[in-house]
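A short write-up of the structure that comes next.
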Amino acid sequence: METENRDFKYVMQDVSRVYIGAKYTYREMMDSDEIPFKLKAILSHYILKEVAEDTTPENHIFYIRDTDLSYMVYRQLKARFQMDIPVLSKRGTWQYRREYHTIDEIIRHAEWKARQDEIIVGEMVLTKLHIMMMSL
């Protein structure tokens, strides 16, 4: 039996937010019963018109430009992405610092695209209010 790596492939919800593991592909999100229907409709209507279904948000965010529809959607949703970024400590060792960034902050840091293999994107955080307010 073949096992599947499920790290960073999850959906959690609390009262006000939806947390989605960044290793989920957009196809897996569309197939998941745990993703809110309105978010699936947004993905289908806007995001999947620009990217392939087998793309993950982890890879997608480093290639978004400020003229893309995906950028406008993530900005409207006020999406935040949990990123573990390698930084050099005062002792001269590399450590990961966990930070949450918006899509605006990500596209402003061009050096992150060059270092995307070193940066770990763990999850995408969306507020339910902004999902509900988004029109199709």
Check your understanding: So, by mean Cβ neighbours within 10 angstrom, what's the order for 96-105, 59-68 with the highest one leading?
Key -> 59-68, 96-105
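So how much slack lies between Ile120 and Ala52, counting 0.36 nm per residue of separation and subtracting their Cα-Cα distance, in nm? Before the final figure, lay out each step's value.
Working: separation 68, 0.36 × 68 = 24.48 nm, distance 2.11 nm.
Full extension from Ile120 to Ala52 adds 22.4 nm.
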Review point. Tell me, what is the 1.4 Å probe accessible area of Lys113, in Å² to the nearest 10?
Key: 100 Å²
Review point. If you wrap a convex hull around the Cα atoms of the chain, how much volume per residue is inside, in Å³?
Key: 135 Å³
Review point. To the nearest 0.05, how large is the calculated FRET efficiency for His109 and Leu129 if R₀ is 35 Å and r is the Cβ-Cβ distance?
Key: 0.85
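Leaving out ligands, DNA and RNA, and with a 1.4 Å probe, what % of the accessible surface on region 1-91 is carbon or sulfur? Can you show the working numbers first?
Values: 2620 of 5410 Å².
Exposed carbon and sulfur together represent 48 percent of the surface.
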Revision key, fill the gap. With every protein chain kept in place and a 1.4 Å probe, region 1-79 has an accessible area per residue in Å² of 60 Å²
Exercise for review: Jot down the radius of gyration and Dmax of region 12-86, Cα atoms only, both in angstrom.
Suggested key: 12.1, 35
Study note, to complete from the structure: Using alpha carbon centers only, region 89-103 is separated from region 37-52 by a whole-angstrom value of 31 Å
Practice item. Compute the FRET efficiency between Arg27 and Arg91 as 1/(1 + (r/R0)^6), taking r as their Cβ-Cβ distance and R0 = 25 Å, and round to the nearest 0.05. Key: 0.05
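Assign one of three labels to region 51-126, namely rounded, prolate or oblate, based on the Cα gyration tensor with a ≥ b ≥ c the square roots of its eigenvalues; rounded applies when a/c is under 1.5, prolate when it is not and a/b is larger than b/c, and oblate otherwise. It would help to have the intermediate numbers written out before the result.
Details: a/c = 2.07, a/b = 1.95, b/c = 1.07.
Prolate, because a/c is 1.5 or more and a/b exceeds b/c.
The values are calculated or read from the model by the stated rules, or taken from the named source; none is laboratory data. Owing to the predicted nature of the structure, the values given are computational and were not obtained by experimental measurement. Counting neighbours? That spans all protein chains shown, and the Cβs are built from the backbone with ideal geometry, glycine included. Protein only, heavy atoms only, side chains kept; ligands, DNA and RNA dropped before computing areas. Shrake-Rupley method; radii C 1.70, N 1.55, O 1.52, S 1.80 Å.
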